[in-house]
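For reference, the structure is listed below as structure tokens.
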């Protein structure tokens, strides 16, 4: 039988001592609540289904996210680590004071709806995909907490809410005039590395992080390939270089400003620790495209544009996947958008048949 005592503060404390179980105690505002909890807990112990929930009741989401970022996030790729830190900041700001046990599906659904109705600091609506990824991080945190942290959680509340529908697939293409103006501006830019990176992104469809992280020994101009040992999908791959990409890499490798002790093809200024890291061009790129009136053209759109162009020129889906590094045709399809006018020309080029 549980012991119910009144504390000096005026609350009621229930203490359960039962053979085979650790001593368990909890404080309540009323005696009735203490008795109800003690009766329910003892019943669960008798039936062998009791779970110690004090850990999840004490740990706030803020502390749980700190532990997740310290223990789980470092096992992921650098780009993922940075993205998860941003998502964790948003979750902490809105839900951080709740304990893991107190976060219900209803509370998380309210968070989802308020995020979808809000705007970013630039005044743009928060996208469905942004909210989906924030909820995915929260869901995985609960999964890890249930399986590994031993906090007494019995279910993942994120699994009980409706997720936002995926947003429309991005299909931003680069027009001939935009390409002409963009590369004219890149030719005039003070740091030639920005132009070389843009050419390589368009012609090889590599991601920006894959390009800027390249070391000199990873590019073989004689064989015309670049070797990527660590990619987003976890599999290494060799990227073939067409003549434009080869010329850009040749110029970059011959860059006379590269320090002798730096093996990065695209390098930045030394940091406070005197180490050089990959060239960070995000700010320069943003300023350049806004100046040209192309603020909606993201650097990652070069990858989309390049894949679509290769598809239009007849490269098979299998070869496109080998080039881009996509493991499934469904993933590749998201990046392939053919221009209607090009399809018209293809249709006209087909053998003629009698009209119906």
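No value in this document is a laboratory result; all are computed from the given coordinates. Since we're looking at a predicted model, the values are computed, not measured. Cβ coordinates were reconstructed from backbone atoms using ideal geometry, including for glycine residues, and neighbour counts include every protein chain displayed.
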Requested in this report: For the chain, with a Gaussian network of springs between Cα atoms less than 10 Å apart, report the residue from 44, 312, 134 with the top mean-square fluctuation.
Outcome: 44
Report summary line: Kirkwood-based Rg/Rh on the Cα set of region 3-50 evaluates to 1.00
Report summary line: Options (1) 54, 26, 20; (2) 42, 23, 19; (3) 60, 30, 28 are given for semi-axes √(5λ) of the Cα gyration tensor in Å, and the computed one is (1)
Requested in this report: Using a Gaussian network model of the chain whose springs link C-alpha atoms within less than 10 Å, name the residue from 260, 77, 97 with the highest mean-square fluctuation.
Outcome: 260
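What number, in percent, do you get for the relative contact order of the chain if the mean sequence gap of Cα pairs under 8 Å and at least 6 apart is divided by its residue count? Before the final figure, lay out each step's value.
Numbers: 394 pairs, mean separation 39.6, N = 356.
Answer for the chain is 11 percent.
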Query raised in the report: region 232-253 to region 271-286: how many Å between their Cα centroids?
Result: 21
Report summary line: Length gained, residue 291-residue 184, 0.36 nm per residue minus C-alpha separation, equals 37.3 nm
**Report entry** Residue-averaged [θ]222 nm for the chain, counting only DSSP H segments that reach four residues, each worth -39500 (n - 2.57)
**Finding:** -14500 deg cm²/dmol
Requested in this report: Using packing as a proxy for protection, rank 191-199, 147-155 so that the peptide with the highest average count of other Cβ atoms within 10 Å comes first.
Outcome: 191-199, 147-155
Query - Euclidean distance of C-alpha centroids, region 12-44 and region 156-219, integer Å - result: 59
Query raised in the report: Where does helix 128-144 land angle-wise versus the long Cα axis of the chain, in degrees 0 to 90, nearest 10?
Result: 50
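Looking only at Cα atoms, what is the convex hull volume of region 58-160 per residue, in Å³? The partial results should precede the final answer.
On the way: hull volume 10.0 nm³, N = 103.
Considering the Cα atoms of region 58-160, their hull volume per residue is 97 Å³.
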Query raised in the report: In what sequence do 84, 178 fall when counting other Cβ within 10 Å, fewest first?
Result: 178, 84
Query raised in the report: How big is the equivalent ellipsoid of region 176-299 along its three axes, where each semi-axis is √(5λ) from the Cα gyration tensor, reported in whole Å from largest to smallest?
Result: 23, 19, 15
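Computed FRET efficiency, Cβ-Cβ of residue 124 and residue 209, R0 25 Å: what is it to the nearest 0.05? Display every interim value, and only then the final one.
Values: r = 23 Å, r/R0 = 0.94.
That gives a FRET efficiency of 0.60.
For a quick protection proxy, order the peptides 182-188, 58-64, 202-208 by their average other-Cβ count within 10 Å, most packed first. Mind showing how you got there, number by number?
On the way: 182-188: 13.9, 58-64: 18.1, 202-208: 23.4.
By packing density, highest mean first, the sequence is 202-208, 58-64, 182-188.
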Report summary line: Taking Cα atoms, the helix 301-312 axis meets the longest principal axis of the chain at an angle in degrees (rounded to 10) of 60
Report summary line: Tilt, helix 78-95 to longest principal axis of the chain (alpha-carbon atoms), in degrees rounded to tens, equals 40
